[in-house]
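Read the structure below first, then the notes.
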Amino acid sequence: MRDLLVLAWPLVVSRATQTIVGLADALMVAHLGAGALAATTAGANNAFLVLILPMGCVFIVQSFASQLFGKGDVIGARRFALYGLAIALVTQIVAMLAIPAIDPVLSLFSYETDVRRAMSGYLVYRLLSAGPAIGIEALGAYYGGVGRTRVPMIANLVLMVLNVGLNWALIDGHLGAPALGVEGAAIASSVATTLAFVGLLAYFLRDGALSRPRVEEFVRTLRFGLPSGLNWFFEFFAFNLFVNVVVAGLGTEVLAALMAVMQINAVSFMPAFALGSSGAILVGQSIGRDDRDDVPRIVRMTFGTAATWQGLVGLAYLLLPALIFAPFASDPDTREALVEVGVRMLMLSTCWQLFDSAATVLAEALRAAGDTVWPLGARLVLAWLVFVPGSWLGVRVLEGGDVAAMLCLTAYLALLALLLYVRFRSGKWRTLEITEPEIA
């Protein structure tokens, strides 16, 4: 437990600061109205859709780094950080090529005109820092794998402070800066992300020796990393379809309320995700030491800790929903409608807290062992054959509205947690080797 918490608290800070970037964008444009709030939050969501595939890929760097560190191969662990940085470079190139397609793609969905235009501008500026965002994740995965979670924490703290300060200057126009509104929030996030990455990269390059990259290791990174990335991508793509098609058709107030609730949940969930990642580090290091029998105990301990936190979060949502949601309803013209829908959604989100923590802990443990293909299949089946059609049926056909939307999310997470538990209990992860024989 001590090892888990020592690893976890810097990751809690890191993940919390990352979500605070999105939360700050939302809170600091909320006074501009429901349209600006919807454009910013849904825009951040859509930007994340572009980043989630490479981000999921570089998460595998932690698996390699932790197992190699467990074996005592520190230089080998550092090489895998380079492969993560290569993925970040490719991400930046692809993001730049995608910018001209933003407006035509958004026009396919049922956004109101002012929301779509503001979201388009937001996405253009956010994608300018796609590579640095993945670079921070890649280096953070390496440092996490070797147990130095405080290093990426510092980079993310710098990112958060810069983002909030630049938001204040650029959204409403302070210190002589123009008042750029929604686009100002995106510019602030991109500049802060780029500066934080440059600082973290400089530290990494001065932190130790680098050996020559190996083609076979990079191929192995992609072999295990791509299923991990596709895991995240297809799940998040299904959620994005849910937001852009199923929920967007319910109106701007409902869309804004849902995205605000998801921002709140993102912040409260980050400690559980950090605990899951910390448990995965311990799992990887145990596997590297050839001590696989210790893994189930680590997973039970990690879940117990994450579930305790998520249970407290759910209790807060039930007891104080209006207080928690109030900062997102600062525009007097839309306050009443937003609060009514947002409070109801926030209370309903209590239902999925324990399922979410279980799915996260189990998925991270399986990923640390290199078991990335089976969870990908589970998410594909649940997301696209259950969640997407089920949410359309419940929300639009049966006219269940926002209540049905939240219940569909709960059902999806419950089924995902169950399938991942069955996979972990099968013990297939015990037979997987991601660092043998090519790398050893």
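Readers should treat all values here as calculations from the given coordinates under stated rules, not as data from a laboratory. Keep in mind the model is a prediction, meaning the values are calculated, not measured. Note that each Cβ is placed from the backbone with ideal geometry, even for glycine, and that neighbours are counted across all protein chains shown.
Quick rundown of the values:
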| quantity | calculated |
| --- | --- |
| Backbone HN-Hα couplings from phi across the stretch 412-418 [Karplus 6.51/-1.76/1.60, Hz, Gly and Pro as x] | 4, 5, 5, 5, 5, 4, 5 |
| Estimated FRET transfer efficiency when R0 is 51 angstrom, pair LEU315-TYR203 (beta carbons, to 0.05) | 0.80 |
| Where a label projected 7 Å from the Cα of ALA177 along Cα→Cβ would reach, residues of the stretch 253-269 with amide N under 15 Å | none |
| Separation of alpha-carbon centers, the stretch 229-292 and the stretch 59-118, rounded to whole Å | 15 Å |
| Per-selection metrics, the stretch 306-426 (Cα): Rg and Dmax in Å | 16.8, 54 |
| Within the chain, helix-based [θ] at 222 nm, where runs of 4 or more DSSP H residues each add -39,500 (n - 2.57), nearest 500 | -26500 deg cm²/dmol |
| Cα gyration tensor of the stretch 185-321 - equivalent ellipsoid semi-axes, whole Å, descending | 33, 25, 18 |
| Debye equation applied to the C-alpha atoms of the stretch 1-86, log10 I(q)/I(0) at 0.21, 0.24, 0.26 Å⁻¹ | -1.06, -1.15, -1.20 |
| P(r), alpha carbons of the chain - 20 Å bins starting at zero, rounded % | 27, 60, 14, 0 |
| Contour minus Cα-Cα distance for ASP114 and MET96 (0.36 nm per residue) | 4.1 nm |
| Summed residue charge, Cβ within 12 Å of ALA47's Cβ, Lys/Arg positive, Asp/Glu negative | 0 |
| Summed side-chain charge close to VAL191 - residues other than VAL191 whose Cβ falls under 15 Å, Lys, Arg +1, Asp, Glu -1 | -1 |
| In order through the stretch 271-277: 3J(HN,Hα) via Karplus (6.51 cos²θ - 1.76 cosθ + 1.60), integer Hz, x for Gly, Pro | x, 5, 5, 5, 5, x, 5 |
| Charge sum, other residues only, whose C-beta stays under 14 Å from GLY208's C-beta, Lys/Arg counted +1 and Asp/Glu -1 | +2 |
| Viscosity 1.306 mPa s, temperature 10 °C, Stokes-Einstein D of the stretch 101-219 from Kirkwood C-alpha radius, µm²/s | 97 µm²/s |
